[in-house]
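Here's the structure, in structure tokens; my notes come after.
The values are calculated or read from the model by the stated rules, or taken from the named source; none is laboratory data. On a predicted model such as this, the values are computed, not experimentally measured, just so you know. Here the Cβ positions follow ideal geometry from the backbone for every residue, glycine too, while neighbour counts run over all protein chains shown. Heads up: the accessible areas ignore ligands, DNA and RNA and are worked out on the full protein's heavy atoms, side chains in. Shrake-Rupley method; radii C 1.70, N 1.55, O 1.52, S 1.80 Å.
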Amino acid sequence: AESVAQTFPLARVRLLDGPFKHAQELNRAYLLQHDIHRLLAPFRIEAGLPPKAPKYPNWESSGLDGHTAGHYLTALAETWAATGDAECKQRLDAMVSELAECQRAQPDGYLGGVPRGRVLWDQIAAGKIDFQNFSLNGAWVPWYNLHKLFAGLRDAWLIGENAQAKDVLVRLSDWCDMLLSRLSDEQFQLMLRTEHGGMNEVLADVSAITGNPKYLALAQRFSH
């Protein structure tokens with residue numbers, strides 16, 4: 001019989017001493033220098049909850065607020081899987097729990113740190129689309145931003161083994177599906193003229209995770 005290549009989980013691999021192990025340790029140390037409550041501040045603010053720490057500066061305070069948290073979830077999940085580091089797993093679980101609280105504070109399942117996101121998404125849902133390469137209705141690449149969160153939640157579930165992350169991800173995908181349900185294909189394609197990250201890829205992953213084809217249909221609409 002013809003053999004078929006298969007992937008194996010990251011947790012099956014442990015690096016031995018050498019330059020790659022050194023790089024891995026530097027990366028882990030860098031992750032642990034971050035304050036999760038500063039990364040979570042944009043989500044709490046947008047959910048109407050008081051932040052527990054101030055936002056980080058620069059891109060996290062100038063329009064791309066919240067995107068780093070998505071990257072950070074992925075990094076924590078992968079580092080925990082690759083090293084077994086308990087602190088990374090603890091931080092991952094704490095962040096997902098906090099994000100779930102922010103999602104519960106909003107009636108439609110939305111979760112994000114995009115500044116004035118409510119106004120933006122109401123405009124998009126109504127078909128008001130003002131696109132530029134890096135700006136959608138005046139917001140800095142909001143779908144690119146949210147894609148990092150979608151991907152981080154996916155990785156927190158698939159790699160980090162956090163079951164709550166799956167629930168938050170599916171609810172967020174349902175919000176996305178409902179938000180865009182009234183857009184024509186032409187309007188959808190206009191919206192995608194603004195950089196939007198890998199939204200089609202991650203929604204296809206949600207379809208695979210849940211077995212629900214509606215997320216695959218949404219992923220196909222997100223293909224520019």
### Message
So for region 79-224, considering every pair of alpha-carbon atoms, how many percent are separated by more than 28 Å?
### Response
19
### Summary
Within the set L26, L120, L158, GNM on the chain using Cα springs under 10 Å gives the largest fluctuation to L26
### Summary
For region 1-98, dividing by residue count, accessible area per residue (probe 1.4 Å) in Å² works out to 59
### Summary
One checks the Cα atoms of region 29-104 and finds Rg and Dmax, in Å, of 12.3, 36
### Query
Tilt of helix 163-179 relative to the longest C-alpha principal axis of the chain, in degrees (0 to 90, nearest 10)?
20
### Query
With all protein chains present, how much of the accessible area of the chain (probe radius 1.4 Å) comes from carbon and sulfur, to the nearest whole percent?
54
### Task
Could you please report the charge total around P42, scoring K, R as +1 and D, E as -1 over all other residues with beta-carbon less than 9 angstrom from its beta-carbon?
-1
### Task
Could you check the simple spin-label distance between A126 and Q164, using points 7 Å along Cα→Cβ, in nm with one decimal?
3.6
#### Entry: Hull shadow area, averaged, region 1-134 [alpha-carbon convex hull, nm²]
13.2
#### Entry: Given the chain, longest segment not containing exposed loop trypsin sites (Lys or Arg not before Pro) (DSSP; at most 14 other Cβ within 10 Å)
53-115
### Message
Run lengths n ≥ 4 of DSSP H only: what is the helix-derived mean residue ellipticity at 222 nm for the chain, with -39500 (n - 2.57) per run over all residues, to the nearest 500?
### Response
-18500 deg cm²/dmol
